[in-house]
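Encoded as structure tokens, the structure appears first; notes follow it.
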Amino acid sequence: MEKPRIFILGHSHIDAEWLWTREETLRVCHDTFENVLKLMDKYPELTFVQSSACYYLWMEDRYPEVFEKILRRVREGKWEPVAPWVEFDANIPSGESIVRQLVYSKEYFREKLNVDVRVLWLPDTFGFPITLPQIMKEAGIDYFLTQKLNWNDSTAFPYNYFWWESPDGTRVLAHQTLGGYGGIVEERRLKFMLRVSRLRQGFEAALIMIGFGDHGGGLSEDMVESARSLISEGRYDARFTTSMMFFKWLEKLSEKVELPVWRDELYLQYHRGTYTTQARYKRLHRLAEQHLLSAERLASVASWYGYRYPSEELRKLWLKLLFNQFHDILAGSSIPAVYDNAERDMREVVGRAKEIMIDAASHIASLISADKGTRVAFNTLPWPRKAVIELEEHKPMLVDLPALGYTVIKEIREPHEGVHIRRNEEGYVIENEYFKAVIDPSTGALTGLYIGGENLIDGSRGGVRVQVYKDEPTQGRLTLAGVFDASMFDAWEIYIFQQLEGVVKEDLLRPQIVEIVERGPIKATVRVVYTYRQRGRDDSRFEIRYEVCKGIPWITMRFKVDWHAKHRFAKLYIPLSYYSEYAIYDQAYGWVKRRNPLSPNATLAERAKWEVPGHMWVDVSRPDGTGIAVLDDGKYGYDFGGDFIRVSLLRSARYPDPWGKKWKGEPPITDQGVHEFSIGLLPHRSIAILDIAKAAYEFNNQPLVVKQPQDGAGELPSTHSFLEVRGGLGVVLKRADKGEGYIVRLHETNGDETKVRIITSKEVKRALLVNFLEEGERQIPIANNSLTLNVKPFKIITVKLELGDHELRP
């Protein structure tokens with residue numbers, strides 16, 4: 001009879017920041033690595049895995065002698081580096097952020113350690129998008145490991161060894177560990193793990209990690225000796241290993257044993273509050289992501305005309321962003337000092353990226369034939385759009401902008417037709433060419449959103465409004481292993497459905513102010529102000545501006561909130577006049593479809609999704625395509641109930657205690673002070689998901705206006721497009737990291753095989769289909785400076801363009 005296979009691996013989980021700051025982490029890394037290196041001297045068979053290229057860079061810069069020792073052990077095969085840059089939160093970063101997490105770590109390990117890492121190591125991250133396998137594979141990473149799904153609170157994740165498949169069909173080999181990410185070898189724990197493996201998978205095998213975790217610390221000699229004893233006893237086929245060796249064994253086993261296939265996101269049924277806590281930082285993070293992408297796009301096209309593309313600076317800004325995507329930072333579960341650092345970093349990234357955008361746009365503007373001081377509006381997105389811009393001395397104006405291009409702003413003329421606003425028996429009524437919105441003057445709620453005469457909002461239930469829920473930590477909801485009660489994790493968890501007296505909420509429906517502040521014809525605005533009062537706390541103030549613009553198919557709710565609550569959770573409630581069994585949520589380079597968890601057809605696992613993450617948009621539509629898409633500029637939490645959807649706005653949890661300490665007196669409360677953000681409601685008939693996604697990008701990316709720096713009879717016309725993507729969602733235009741040329745990245749969003757065209761204003765000498773590492777030599781035919789690709793459903797496509805000097809003019 002074949003002995004059970006036991007793979008033993010040293011590991012010491014190190015949080016980049018959490019209950020301490022990065023200065024402490026640097027010391028922890030040094031001490032942990034020194035500990036492991038010394039143990040390797042004593043125990044030559046010991047193997048150790050360490051993720052996070054960032055930590056290796058720290059050692060290289062600060063402790064080169066430690067780095068050299070690590071390098072020697074890497075060459076011996078005893079020390080294993082694994083991706084990513086830092087162990088990032090996977091619910092909140094954009095698809096391109098995850099690409100950079102993988103690519104930058106892969107490149108670093110190749111260059112510095114001569115290792116081609118193929119394992120993505122995310123043991124403690126709080127859930128994973130359905131698109132991650134495709135992103136991994138395009139970055140040359142084949143294997144995925146986590147242990148976090150052991151923390152589910154409702155249903156056990158059914159597999160430990162499985163293929164994980166994205167909607168495009170890409171698969172990676174995945175392991176949800178049978179135990180945690182550290183500790184000592186214990187017979188009782190080992191027997192339990194093997195029993196679970198046998199019952200679930202039909203074979204007995206376990207990967208066991210030994211070591212101290214979270215604050216590092218390396219391993220103890222007792223831990224190593226416990227593993228050596230297990231190996232020497234001979235009852236198991238046990239050995240020290242690497243994660244790569246383990247996955248190679250599992251891959252070979254899959255040729256004989258059919259492993260299950262998981263075709264969904266890996267949703268963690270726990271820590272649901274992490275989509276919302278630290279809302280100010282999450283908003284800054286969204287701005288940083290979008291500004292970096294816009295800076296790359298504008299700097300790229302400017303470099304076609306002699307501008308120096310700031311490759312090194314952009315990379316440094318990306319690395320600053322990537323560090324701050326560490327799961328306990330971006331999730332909102334760290335101490336105040338961490339957010340002092342993180343917000344400072346993000347403001348620096350946003351500020352410098354904006355300067356690069358302005359510098360690149362000004363360089364282009366200097367080549368336009370126009371008078372000095374003429375304003376030029378730039379569209380940073382690779383498709384045409386309409387936008388409302390506001391100049392300091394003028395009223396709002398509507399402009400038509402070409403794809404990734406500009407137009408010179410000429411004489412402003414008010415249109416004959418535009419937005420109409422009036423007050424009648426319905427309330428405040430605002431109409432444009434797309435829809436009619438109605439605001440109740442007595443409550444300030446949006447009670448009507450009409451398209452084609454049909455109201456998609458259920459005004460009989462009070463309309464769209466803010467609800468503030470009691471969110472006091474309450475005992476009684478545990479992880480399935482029974483180890484952790486949710487009440488321990490104030491910043492991580494949501495308690496609104498656990499209150500012993502039932503769900504306690506207050507609807508903000510008694511405004512102090514409801515007034516018209518703009519009357520069109522380009523923009524009409526109704527301003528509403530509420531006060532939320534909580535005994536023992538300063539009052540919180542909500543100001544909401546309902547904005548409707550000519551040429552724009554959504555209504556914007558612009559929020560300014562001065563928040564002083566404690567253990568309260570603010571949500572935006574959107575009651576729908578129709579029912580949908582499913583909602584579709586934006587994720588990293590794709591989307592996921594989730595069932596209404598209140599449906600009688602929902603499984604227990606689906607019912608556990610009572611709070612879920614999403615990115616820039618969520619769509620709730622009837623089968624005929626009629627519905628509302630919700631757009632946001634920095635919110636990530638939602639709950640959906642078939643005939644309503646709520647956007648999670650603000651929490652107010654206790655900060656966790658600093659490492660090894662307790663707060664003196666009352667612990668500080670998160671998210672206090674002023675928050676500014678916007679929510680858009682896009683009513684529609686049948687609509688392509690691509691058009692919703694484009695609307696969300698437009699909602700998050702305002703046009704950039706610069707002044708012509710000098711008089712000139714330049715080479716560029718008054719309106720010009722540099723690059724356009726048709727048929728797919730174009731996201732990236734940047735200088736290639738390898739060799740000459742430019743990288744264009746896009747993805748298919750509709751779930752259909754489609755033709756995608758990339759059109760440039762410059763001569764295209766050669767076009768190659770490459771992966772995220774810019775590897776691949778498949779040439780793409782070129783015709784009239786445009787490329788046409790047949791793209792499979794949900795595919796992410798990366799194209800490398802080699803350009804000539806010839807300018808194609810319309």
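The values are calculated or read from the model by the stated rules, or taken from the named source; none is laboratory data. Fair warning: this is a prediction, and the values are worked out from it, not measured in the lab. Cβ sites come from the backbone with ideal geometry, for glycine too, and all protein chains shown count toward neighbours. Accessible surface is based on the protein model in full, side chains and every heavy atom, while ligands, DNA and RNA are left aside. Shrake-Rupley method; radii C 1.70, N 1.55, O 1.52, S 1.80 Å.
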With each run of n ≥ 4 DSSP H residues scored as -39500 (n - 2.57), what mean residue ellipticity at 222 nm is computed for the chain after dividing by its residue count and rounding to the nearest 500 deg cm²/dmol?
-7500 deg cm²/dmol
Largest first, how would Leu650, Leu253 line up by accessible area (1.4 Å probe)?
Leu253, Leu650
Among 691-704, 468-481, 663-676, how do they line up by average Cβ neighbours within 10 Å per residue, starting with the highest?
691-704, 468-481, 663-676
At the level of C-alpha centres, the distance separating region 652-705 and region 80-106, in angstrom, is 21
Please give, to one decimal in nm, the separation of the simple spin-label points placed at Trp249 and Glu426, each 7 Å out from Cα toward the Cβ.
6.9
Report the semi-axes of the equivalent ellipsoid for region 288-352 in whole Å, largest first, where each axis is √(5λ) for an eigenvalue λ of the Cα gyration tensor.
29, 9, 9
How would Trp318, Trp659 line up by accessible area, probe 1.4 Å, largest first?
Trp659, Trp318
Signed unit charges on C-beta, dipole axis of region 223-309, positive-most listed residue Met245, His271, Ala288:
Ala288
Just check region 97-207 against the gyration tensor rule for me: Cα atoms, a ≥ b ≥ c as the square roots of the eigenvalues, rounded for a/c under 1.5, and otherwise prolate or oblate depending on whether a/b exceeds b/c.
prolate
How large is ³J(HN,Hα) for each residue in region 271-282, as worked out from phi by the Karplus curve 6.51 cos²θ - 1.76 cosθ + 1.60 (θ = phi - 60°), to whole Hz, x for Gly and Pro?
6, 6, x, 6, 6, 10, 4, 6, 5, 5, 5, 4
Check: region 20-104 dipole with +1 on Lys, Arg Cβ and -1 on Asp, Glu Cβ, in debye
220
What translational D, rounded to a whole number of µm²/s, comes out for region 46-170 from Stokes-Einstein when the hydrodynamic radius is the Kirkwood one over Cα pairs, at 20 °C and 1.002 mPa s?
139
Expressed as a whole percentage, what fraction of the accessible surface of the chain belongs to carbon and sulfur atoms when a 1.4 Å probe is rolled over the protein heavy atoms?
48
May I ask you to derive the relative contact order of the chain, considering only C-alpha pairs under 8 Å and at least 6 residues apart, and to give it as an integer percent?
14
Solvent-accessible area per residue, Å², over the chain with all protein chains present [probe radius 1.4 Å]:
37
Which angle between 0 and 90 degrees, to the nearest 10, do you get for helix 95-108 versus the longest principal axis of the chain when only C-alpha atoms count?
40
Could you calculate the contour length gain from Thr479 to Lys662, that is, 0.36 nm times the residue separation minus the distance between their Cα atoms, to one decimal place in nm?
63.4 nm
Accessible surface, 1.4 Å probe, highest first, among residues Lys372, Lys560, Lys256, Lys762
Lys256, Lys372, Lys560, Lys762
Cβ-Cβ FRET estimate between Phe203 and Asp116, R0 fixed at 25 Å, reported to 0.05
0.30
Could you give the dipole magnitude of the chain about its Cα centre, charging the beta-carbon of Lys and Arg +1 and that of Asp and Glu -1, in debye to the nearest 20?
480
Most to least packed among 729-739, 333-343, 59-69 [average Cβ atoms within 10 Å]
333-343, 729-739, 59-69
In whole µm²/s, the translational diffusion coefficient that Stokes-Einstein assigns to region 365-480, given a Kirkwood hydrodynamic radius over C-alpha pairs, 37 °C and 0.692 mPa s, equals 175
Students often check this: by mean Cβ neighbours within 10 Å, which of 777-784, 397-404 ranks highest, and how do the rest follow?
397-404, 777-784
I need the calculated FRET efficiency for the pair Val529 and Glu313, taking r as the beta carbon distance and R₀ as 41 Å, to the nearest 0.05.
0.45
Once both labels are modelled 7 Å past Cα along the beta-carbon direction, what's the Asp624-Asp737 spacing in nm?
4.9
Based on the alpha-carbon gyration tensor of region 148-281 and its eigenvalue square roots a ≥ b ≥ c, which shape applies: rounded if a/c is under 1.5, prolate if not and a/b is larger than b/c, or oblate?
oblate
Return the percentage of antiparallel bridges among DSSP beta bridges fully within the chain, rounded to the nearest 5 %.
85
Beyond 26 Å (Cα-Cα) in this structure, taken from Lys282/Lys593; Lys609/Lys635; Lys38/Lys320; Lys106/Lys148; Lys593/Lys694, we find Lys38/Lys320
If you filter region 140-241 for GluC sites (Glu not before Pro), then keep DSSP loop positions with at most 10 other Cβ within 10 Å, what is left?
none
Between Asp31 and Arg541, what is the label-point separation in nm under the 7 Å Cα-to-beta-carbon projection?
4.7
In the P(r) worked out for the chain, what percent of Cα pairs fall beyond 54 Å?
12
As a test of the definition: which semi-axes, in Å, follow for region 143-210 when you take the square root of five times each eigenvalue of its alpha carbon gyration tensor? Largest first, please.
22, 13, 12
Indicate the gyration tensor shape class of region 605-762 (rounded, prolate or oblate), computed on the Cα atoms with a ≥ b ≥ c the square roots of the eigenvalues: a/c under 1.5 is rounded; otherwise a/b larger than b/c is prolate and the rest oblate.
oblate
Listed by chain and number, the lysines with an alpha carbon less than 17 angstrom from that of Lys755, same-chain partners under 8 positions apart left out, are Lys792, Lys795
Give the Rg (one decimal place) followed by the Dmax (whole number) of region 208-311, computed from C-alpha coordinates and expressed in Å.
24.2, 70
Between Gln710 and Arg510, take the C-beta separation as r, use R0 = 51 Å, and let me know the FRET efficiency to the nearest 0.05.
0.35
SASA check, Arg344, accessible area w/ 1.4 Å probe, all protein chains in place, rounded to nearest 10 Å², comes out at 130
Could you give the length gained on full extension between Glu65 and Ser369, defined as 0.36 nm per residue of separation minus the Cα-Cα distance, in nm?
103.6 nm
How much of the calculated P(r) for region 709-783 lies past 18 Å, in percent of all Cα pairs?
52
Take every Cα-Cα distance within region 511-604, group them into 5 Å bins from 0 onward, and report for each bin the whole-number percent of pairs it holds.
3, 10, 13, 14, 14, 15, 16, 12, 4, 1, 0
Quick one: how many Å² of Leu572 are accessible to a 1.4 Å probe, rounded to 10?
0
At 0.36 nm per residue, minus the direct Cα-Cα distance, what do Val674 and Ala783 gain on full extension? Give it in nm, one decimal, please.
34.0 nm
